[in-house]
Amino acid sequence: MDNKKNEDRNTLYIGKKPVMTYVLAVMSSPEKEVTLAARGRYMAKVIDVYEVFRNKFEKECKANFTTNTVKIEDRNVYELLLKITWKWTQMIP
């Protein structure tokens, strides 16, 4: 149960906000592993958040992704989960 709770705490759901809002949320995470999650039309924004984070802040990060189909109100909706891991010890010099 603790492992599931820890995974939920490290999951960032992507939606309507600007990309930099999510990038800053990833940067402010106390963990060095965050999962970005999005459904439907916001799946492309997950990739944008990852690319901005990787190109501007942490070039040595790794990403693994999975896709799922989730049933919501009699519809099948695609979901993208992108797990980012990095090694830095100090965010901003």
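Quick notes on this structure:
- When only the Cβ of Lys, Arg, Asp and Glu is charged (+1, +1, -1, -1), the dipole of the chain relative to its Cα centre reaches about 160 debye.
- Candidates PRO30, PHE65, ILE47 compared by Cα position along the dipole of the chain: farthest toward the positive end lies ILE47, with charges placed on Cβ.
- Solvent-accessible area per residue in the chain equals 73 Å², computed with a 1.4 angstrom probe and all protein chains kept.
- Once both labels are positioned 7 Å from their Cα atoms along Cα-to-Cβ, the gap between LYS59 and ASP8 label points is 3.9 nm.
- Rounded to the nearest 5, the antiparallel percentage of DSSP beta bridges internal to the chain is 85%.
- Linear extension gain, LYS32 paired with THR69, 0.36 nm per residue minus alpha-carbon span: 10.6 nm
- Extension gain (nm, one decimal) between LEU81 and LEU24, 0.36 nm per residue minus Cα-Cα: 18.7 nm
The values are calculated or read from the model by the stated rules, or taken from the named source; none is laboratory data. Quick caveat, the model's predicted, so the values are computed rather than measured. Neighbour counts run over all protein chains shown; Cβ positions are idealised from the backbone, glycine included. Only protein heavy atoms, including side chains, enter the accessible area calculation; ligands, DNA and RNA are left aside. Shrake-Rupley method; radii C 1.70, N 1.55, O 1.52, S 1.80 Å.
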